[in-house]
Amino acid sequence: MIREEIQKGVQGDFDQSEVKIIRLLQRNGRMSTAELARETGSSEPTVRRKLARLIDDGIITIRAVSDPVALGYAAPAYIGLDVERHRIEQVAKALSSYPMIETVAVITGPFDILVKAAFHSTTELYDFVLKELVKVKGIKDSHSFLVLRNFKHEGLTSVAERAPMKLQRPASGQ
């Protein structure tokens, strides 16, 4: 719901210190509120309040970004799916429940849904595509793309770096 409202351009701007907090945490998610306060020129209680609001509103989530290959997932892959139009959301929600799937996106282009997933082996990818995906009602066809090597795997840490200082926040109470 919150993300849908952000995408629609709901009124309400982030202030400059909130954008700075986001940018700093994207560089170092372990930065303390005292360090954030020092870097933004705000008081620590103000930073704590703003950080709590950013987290509570679903604007940011602080988490570790891991390298799947280093964790034993030797077969990361993208899977493009052709889906029955009236079942796109149902399929996307069903796929979101699989633990090996990192991202499920409804997209434009030659596929309806693009999935980013990590598998321990090509055998596990094979089993997922040929034994699991067939169980999901609405998938007509799949196209798998095995990742040979990642040159950048950081999540969207650089988004706030490129964003204008005036970002929109979801309406309060959402």
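What to note about this one:
- What the phi angles of the stretch 58-63 give under the Karplus curve with 6.51, -1.76 and 1.60, with θ = phi - 60°, is a coupling list of x, 6, 10, 10, 9, 8 Hz, glycine and proline written as x.
- Across the stretch 75-146, Cα-Cα pairs more than 20 Å apart make up 17 percent of the total.
- Residues whose placed amide H lies under 5 Å from that of ILE60, excluding near-sequence neighbours: ILE55
- Amide hydrogen neighbours beyond the local backbone of PHE119, cut-off 5 Å, H modeled: ALA75, ALA77
Since every read-out is calculated from the coordinates, none of them should be taken as a lab result. What you are looking at is a predicted structure, and each value in this text was computed from that prediction instead of being measured.
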